[in-house]
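A.B. asks: I have a structure here, written as structure tokens, and I will follow up with some questions on it.
The values are calculated or read from the model by the stated rules, or taken from the named source; none is laboratory data. All values derive from a computational prediction rather than experimental measurement. When we count neighbours, we look across all protein chains shown, and the Cβ atoms used for this are built from the backbone with ideal geometry, even at glycine. For the accessible areas, the whole protein counts, side chains as well, though only heavy atoms, and no ligand, DNA or RNA atoms are used. Shrake-Rupley method; radii C 1.70, N 1.55, O 1.52, S 1.80 Å.
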Amino acid sequence: MNIPYQELAVETLTAIIEEFISREGTDYGAHETSLEKKVQQVMNQLKRGEIVVTFDPESQSCDLQVVG
């Protein structure tokens, strides 16, 4: 089920985003991106509706998923 990100406490949403980012691995580009910048990039994707926060009742866990 999708959870509107606006209904989550800022601390909770930030923790979900940081956990998501930590799973994506190491940057291999020319420039390392800070965690704060990555969090802001994901937040912008949420605001644009490109990704959504999901909750799986079976595993009792939240995740971020690409829309479409």
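A.B. asks: Identify, by number, the condition in (1) in contact (Cβ under 8 Å) with a residue 24 or more places away in the chain; (2) more than 11 Å from the chain's Cα centre (by Cα) that Leu35 doesn't meet.
C.D. replies: That leaves (1) as the condition not met.
A.B. asks: Any idea which residue in the range 11-28 is modelled with the highest pLDDT, counting only those that are open to solvent by 60 Å² or more (accessible area, probe 1.4 Å), part of a loop (DSSP other than H, G, I, E, B) and not β-branched (Val, Ile, Thr)?
C.D. replies: Ranking the qualifying residues of the range 11-28, first place goes to Glu24.
A.B. asks: All but one of (1) in contact (Cβ under 8 Å) with a residue 40 or more places away in the chain; (2) surrounded by 11 or more Cβ atoms within 10 Å (Cβ to Cβ); (3) among the aliphatic types (A, V, I, L, M) hold for Met1; which doesn't?
C.D. replies: Exception for Met1: condition (2).
A.B. asks: Let me ask something additional. Just to be sure before I move on: is Gly68 open to solvent by 60 Å² or more (accessible area, probe 1.4 Å), in a loop (DSSP other than H, G, I, E, B) and at pLDDT below 95 in the structure I sent?
C.D. replies: The answer is yes for Gly68.
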